[in-house]
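The values are calculated or read from the model by the stated rules, or taken from the named source; none is laboratory data. Fair warning: this is a prediction, and the values are worked out from it, not measured in the lab. Reconstructed Cβ throughout: ideal geometry from the backbone, glycine too, with neighbour counts over all protein chains shown. What goes into the accessible areas is simple: the full protein's heavy atoms, side chains included, and nothing from ligands, DNA or RNA. Shrake-Rupley method; radii C 1.70, N 1.55, O 1.52, S 1.80 Å.
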Amino acid sequence: MGKITVETCEIEGLKVITPTVFGDERGYFMETYNYKDYKEAGIDQVFVQDNQSASKKGVLRGLHFQINHPQDKLVRVLRGEVYDVAVDLRKGSETFGKWYGVLLSEENKKQFFVPKNFAHGFLVLSDYAEFAYKCTEFYHPNDEGGLYYADEEIGVEWPVPEGMELILAERDKNWGGIKEYLKNE
């Protein structure tokens with residue numbers, strides 16, 4: 001392997017990937033994805049769609065998932081810094097309802113692998129951030145689900161700096177919590 005370092009997380013299936021970066025006075029080069037390396041690391045997925053978003057400081061996107069067409073996601077930050085979160089929604093999982101967060105930035109170049117059946121979201125900590133992710137399933141606009149980002153049952157500890165105003169889409173302000181999710185299952 002050698003081109004990537006893979007850290008497992010306390011929630012099975014989640015992985016933080018750090019690529020090898022080759023740099024000199026001209027800049028740097030890194031492979032952001034190599035199927036053989038990822039397969040060797042236990043991420044043997046076929047990605048069918050790449051997405052990219054840009055957001056300003058204080059934007060919180062999530063916690064999102066697709067209901068009938070779940071996606072594995074490989075996420076990273078191209079510019080800026082975000083706090084990225086995944087919540088386990090796998091039926092029968094020992095860590096169901098638990099969350100894990102990781103700081104992703106253009107400096108650390110880390111990637112976060114989020115398996116299907118996890119809710120996913122992120123908070124922009126820098127003035128501006130560009131976020132990219134690969135998905136194993138196509139986006140289906142009528143298949144969206146979500147969890148309230150501040151659900152006390154889940155207890156995500158978003159690192160909101162003092163004085164930061166959160167900016168959320170209307171739908172993200174109105175998702176139910178994990179109890180409502182379980183009622184609909």
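Values as computed for the structure displayed
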quantity: Projected-area mean, the range 26-134, by convex hull of Cα positions, square nanometres; calculated: 7.8 nm²
quantity: Percent carbon-and-sulfur accessible area, the chain, ignoring ligands, DNA and RNA, probe 1.4 Å; calculated: 46 percent
quantity: Residues whose placed amide H lies under 5 Å from that of Phe118, excluding near-sequence neighbours; calculated: Leu89
quantity: Hz values of 3J(HN,Hα) by residue in the range 147-164 - Karplus curve (6.51, -1.76, 1.60), Gly and Pro given as x; calculated: 10, 5, 4, 10, 4, 5, 5, 7, x, 4, 9, 5, x, 7, x, 4, x, 6
quantity: Read-out percent of Cα pairs over 29 Å apart, derived from the coordinates shown; its label in (i) 19; (ii) 9; (iii) 29; calculated: (i)
quantity: Whole-number D in µm² s⁻¹ for the range 1-66, Kirkwood Cα-pair radius fed into Stokes-Einstein, 10 °C, 1.306 mPa s; calculated: 107 µm²/s
quantity: Projected label distance in nm at Met164 and Ser53, using a 7 Å step from Cα toward the beta-carbon; calculated: 1.5 nm
quantity: Whether the range 118-185 is rounded, prolate or oblate, judged on the alpha carbon gyration tensor where a/c under 1.5 counts as rounded; calculated: oblate
quantity: Rough spin-label spacing in nm, given labels placed 7 Å along Cα→Cβ, for Thr32 and His140; calculated: 2.7 nm
quantity: Karplus-derived HN-Hα couplings along the range 73-85 (A = 6.51, B = -1.76, C = 1.60, θ = phi - 60°), whole Hz, x at Gly and Pro; calculated: 10, 10, 10, 7, 10, 8, 9, x, 8, 9, 9, 9, 10
quantity: Surface accessible to a 1.4 Å probe, Tyr148 within the full protein complex, Å²; calculated: 70 Å²
quantity: Calculated [θ] (222 nm, deg cm²/dmol) that DSSP helices of n ≥ 4 give over the chain, each run adding -39,500 (n - 2.57); calculated: -2000 deg cm²/dmol
quantity: Cut-off 12 Å (backbone N to label point 7 Å along Cα→Cβ of Glu153), residues of the range 87-107; calculated: 97-98
quantity: Karplus-derived HN-Hα couplings along the range 27-38 (A = 6.51, B = -1.76, C = 1.60, θ = phi - 60°), whole Hz, x at Gly and Pro; calculated: x, 8, 9, 8, 8, 8, 6, 9, 3, 4, 5, 5
